[in-house]
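The values are calculated or read from the model by the stated rules, or taken from the named source; none is laboratory data. If you're wondering where the values come from, they're calculated on a predicted model, not measured in any experiment. Counting neighbours? That spans all protein chains shown, and the Cβs are built from the backbone with ideal geometry, glycine included.
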């Protein structure tokens, strides 16, 4: 199978490219910069257009059996106009879906987000049957992109991953790793609220399932590790992997939020103390199986970020 992967040089794209090439796919990797790319030698590297402007996708999708669309603006918070999110995440995806349909692409796998379905927290466990209710520009742009994918008639699979973690991760998970590495007690012992996370290897397995299995055609799936986990458990795993004691103080969440507010980090309070459980039952029932458990995946992530035995720091995947 010939597969185009957009956003190929990112946190998800690089390991996905390696996995697909290793599985025998013929891969075309679309990247924004033609610098030296650490892809397998069999991978064709192509320039990805600027998604902030109307995109002519036909040359990239020509000859492809399938497309995996990863490119877009990640959920980076404030400072980006809603129109920019819509242009890059929604309209560029619509243009790609139109080109894929015209070129006879047999499968379009769109990487959406759980934020197309909900805000940062959810009172009840989420399933695909719930009415989508995004709460920010990022989530709205992803939900609109999903509608565009469905509209153009190309066979599709839409994936809504929860927070993805793995080697080279950035953002909130990287910040939590840095906190866990400090030789200090942390005030997270009372944070029993559970959140669904997603190991990078399990997401790659979901992409392969979407490409290969007829049960995935024209379906939308939540993707998450089978079991949700608390912040206290995450930090404990981060520390135990490096042989450190957990050293967590059971500070009440109200006090923790007050302290975070005083240092200008009120937004972190919701992420640390809120609940968000997303259930991948539909995807599992269709045939997907996770390939790694949460404890092992967190261990691999920490080891990948640790200094090498030679004394040089390991590089994170950009």
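Some observations on this one:
- Within segment 204-241, being closer than 20 Å to residue 132 by Cβ and part of a helix (DSSP H, G or I) holds for 206, 210, 216.
- Any chance residue 120 is outside any helix (DSSP H, G or I) and out of contact with any strand residue (DSSP E or B) (no Cβ under 8 Å at 6 or more places or on another chain): no
- Residue in segment 46-56 that is on the phi < 0 side of the Ramachandran plot and touching a strand residue (DSSP E or B) at 6+ places or on another chain (Cβ under 6 Å) present: yes
- Contact map, segment 242-256: residues that are within 17 Å of residue 193 (Cβ to Cβ) paired with residues that are modelled with pLDDT of 90 or more and surrounded by fewer than 17 Cβ atoms within 10 Å (Cβ to Cβ), Cβ distance under 6 Å, separation 6+ or inter-chain. Pairs shown: 249/185.
- Output for segment 133-157, where each listed residue is assigned to a loop (DSSP other than H, G, I, E, B) and buried (at least 19 other Cβ atoms within 10 Å of the Cβ): 134, 154
- Meets criteria (under 18 Å from residue 72 (Cα atoms), at pLDDT 95 or above and more than 15 Å from the chain's Cα centre (by Cα)) for residue 210: no
- All positions within segment 159-178 that are surrounded by fewer than 23 Cβ atoms within 10 Å (Cβ to Cβ) and touching a strand residue (DSSP E or B) at 6+ places or on another chain (Cβ under 6 Å): 163, 164, 173
- Qualifying residue in segment 32-40 (condition: surrounded by 18 or more Cβ atoms within 10 Å (Cβ to Cβ), free of Cβ contacts under 8 Å to residues at least 40 places away in the same chain and either in contact with a helix residue (DSSP H, G or I) (Cβ under 7 Å, 6 or more places away or on another chain) or not in a helix (DSSP H, G or I) (or both)): yes
- Segment 51-84: number of residues that are under 29 Å from residue 162 (Cβ atoms) and in a loop (DSSP other than H, G, I, E, B): 18
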